1. Does Glu52 meet the test of being more than 22 Å from Asp131 (Cα to Cα) and modelled with pLDDT of 95 or more?
2. Scan the stretch 155-171 and give yes if some residue there is in contact with a Lys or Arg (Cβ under 8 Å, 6 or more places away or on another chain), touching a residue at least 12 places away in the same chain (Cβ under 8 Å) and under 14 Å from Ala216 (Cα atoms), otherwise no.
3. Just checking, how many residues over the stretch 121-143 are surrounded by 14 or more Cβ atoms within 10 Å (Cβ to Cβ) and either out of contact with any strand residue (DSSP E or B) (no Cβ under 7 Å at 6 or more places or on another chain) or more than 20 Å from Glu217 (Cα to Cα) (or both)?
4. Please give the number of the condition Ile182 fails out of (1) of a type outside the set (D, E, K, R); (2) within 19 Å of Leu10 (Cα to Cα); (3) surrounded by fewer than 22 Cβ atoms within 10 Å (Cβ to Cβ).
5. crowded, with 22+ Cβ neighbours inside 10 Å, on the phi < 0 side of the Ramachandran plot, at pLDDT 95 or above and assigned to a helix (DSSP H, G or I): does that describe Ile103?
6. Restricting attention to the stretch 163-191, and to residues there that are in a loop (DSSP other than H, G, I, E, B) and of a type in the set (Gly, Ala, Ser), which single residue is nearest to Val31 (Cα to Cα)?
7. For the stretch 144-153, how many residues are surrounded by fewer than 22 Cβ atoms within 10 Å (Cβ to Cβ) and within 24 Å of Val86 (Cβ to Cβ)?
8. Tell me yes or no: at least one residue of the stretch 192-209 is touching a Lys or Arg at 6+ places or on another chain (Cβ under 6 Å), in a helix (DSSP H, G or I) and either hydroxyl-bearing (Ser, Thr, Tyr) or surrounded by fewer than 17 Cβ atoms within 10 Å (Cβ to Cβ) (or both).
Amino acid sequence: MGIQISPSILSADFARLAEEVAVISDAADWVHVDVMDNHFVPNLTLGLPVVEALLRHSALPLDCHLMIEDPDRWAPAYAEAGAKSVTIHAEAAKAPVRTLRMIRAAGARASLALNPATPIDAYEDLLDEVDMILLMTVEPGFGGQRFLDLVLPKIRRARDLIRGRDLDIWLQVDGGVAADTIERAAEAGADVFVAGNAVYGAADPAAAIEDLRALAEKKAAHPRPIGFGRA
């Protein structure tokens, strides 16, 4: 299958977000928006008003990753605003089933994120409620961290669980994704990749996206997901 690349604007110039998104619009599948509240993670980024502004200027669908306390309260609003994918953290959600269903009801893909130390098996029964699983390959909160290879077995386990239940769920990885790590993640079973510094730190972000896609496609072994993204 083809691979989906979702560049993270956490590594972009926040003073020029519309321009930074335009630079990747012909190469990327999504725009990954990291929403942090300085409570669930020790960093403060942006929130719903900025997402609403981006939606007016982005030709790409927004992939909103909520690293916040109380996602049950806030997540549906991102879907209602027009984000096409909204991710909540298993560690923060108190009513994940209800919240994931509300995200879907608002017209977005519902995603569940797990931190590196959170086991995937504990959430097997929720797989029918999600359109994507996001496995963090760094501790959430800051860009520029090194990819944690210890998550690779969990990526393989997640892929086995998805395949074993015959579900059409995308498997995303976020953190340290770069030219020297994306092949390992793709071989383990990931098919959607968040890349920040590897894209926005490159002289040509669009070319960097295509290079990452080519590297991952060499190792990918599942059919391309159907839905939003490149045809």
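The values are calculated or read from the model by the stated rules, or taken from the named source; none is laboratory data. Note that the structure is a prediction, hence the values are computed from the model and not measured. Positions of Cβ are generated from backbone atoms using ideal geometry, with glycine treated the same way; all protein chains shown enter the neighbour counts.
1. yes
2. Yes: one or more hits.
3. Residues meeting the conditions: 14.
4. Of (1) of a type outside the set (D, E, K, R); (2) within 19 Å of Leu10 (Cα to Cα); (3) surrounded by fewer than 22 Cβ atoms within 10 Å (Cβ to Cβ), only one is false for Ile182: (3).
5. When the stated conditions are applied, Ile103 passes them.
6. The qualifying residue nearest to Val31 (Cα to Cα) is Gly175.
7. 1
8. no
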